[in-house]
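Chemist: Quick one: the structure is below, and I'll ask about it shortly.
The values are calculated or read from the model by the stated rules, or taken from the named source; none is laboratory data. Keep in mind that this is a model prediction, so the values were computed, not measured. Backbone-built Cβ (ideal geometry, glycine too); neighbour counts: all protein chains shown. The protein model used for the area step is the full one, side chains on, heavy atoms only, and it has no ligands, DNA or RNA in it. Shrake-Rupley method; radii C 1.70, N 1.55, O 1.52, S 1.80 Å.
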Amino acid sequence: MRVKCSCGSKGAIRNSKKESHDLSALYCQCLDVNCGMTWVSHLTYSHTLKKPLKPFKERNEPT
Ligand SMILES: [Zn+2]
């Protein structure tokens with residue numbers, strides 16, 4: 001997945017944190033050394049295009 005800084009340069013996802021089962025926070029950093037901006041983007045589930053072939057895992061099931 002590609003991210004872009006507000007300066008127009010490419011950014012990199014340095015870390016991600018799951019905030020809920022369908023929301024993740026992406027910790028991003030601009031790759032332009034003269035900018036160096038860091039920011040957080042949110043990645044959310046939108047909708048299903050094809051149902052999974054495997055049954056859904058129970059959320060509290062130990063892995
Ligand atoms: Zn930038």
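Chemist: State the percentage of accessible surface on region 3-44 attributable to carbon and sulfur atoms; use a 1.4 Å probe and exclude ligands, DNA and RNA. Numbers along the way, then the final one.
Modeler: Numbers: 1410 of 2900 Å².
About 49 percent, which is the carbon plus sulfur part of the accessible surface.
Chemist: If you don't mind, another one. Quick one: if the Förster radius is 25 Å, what FRET efficiency do LYS4 and SER24 give, using the C-beta to C-beta distance and rounding to 0.05?
Modeler: 0.90
Chemist: Hey, can you find the accessible area per residue of the chain for me, probe 1.4 Å, expressed in square angstrom?
Modeler: Per-residue accessible area for the chain comes out at 92 Å².
Chemist: Where in region 24-53 does the label zone of SER16 land, with the point 7 angstrom along Cα→C-beta and an amide N cut-off under 20 Å?
Modeler: Under cut-off, by backbone N: 24-31, 38-53.
Chemist: Counting Lys and Arg as +1 and Asp and Glu as -1, each charge on the Cβ, what is the dipole of the chain about the Cα centre in debye, to the nearest 20?
Modeler: Working: 11 positive and 5 negative charges, 52 e Å.
Dipole of the chain, to the nearest 20 debye: 240 debye.
Chemist: Loop only by DSSP, 16 or fewer other Cβ within 10 Å of the Cβ. Give me the trypsin sites (Lys or Arg not before Pro) in the chain that pass, ordered by residue number.
Modeler: Details: sites: ARG2, LYS4, LYS10, ARG14, LYS17, LYS18, LYS50, LYS57, ARG59; in loops: ARG2, LYS50, LYS57, ARG59.
Here the sparse-neighbourhood loop sites are ARG2, LYS50, LYS57, ARG59.
Chemist: Could I ask something else about it? State, as an integer percentage, the relative contact order of region 3-44 based on alpha-carbon contacts under 8 Å between residues 6 or more apart. Don't skip to the end; give the middle numbers.
Modeler: Values: 78 pairs, mean separation 14.5, N = 42.
Over region 3-44, the number comes to 35 percent.
Chemist: Determine the principal axes of the Cα atoms in region 3-44, then give the extent along each, sorted from largest to smallest and rounded to whole angstroms.
Modeler: 36, 14, 10
Chemist: With a 10 Å cut-off between alpha carbons and a GNM built on the chain, which of SER46, SER16, SER24 moves the most?
Modeler: In the Gaussian network model the winner is SER46.
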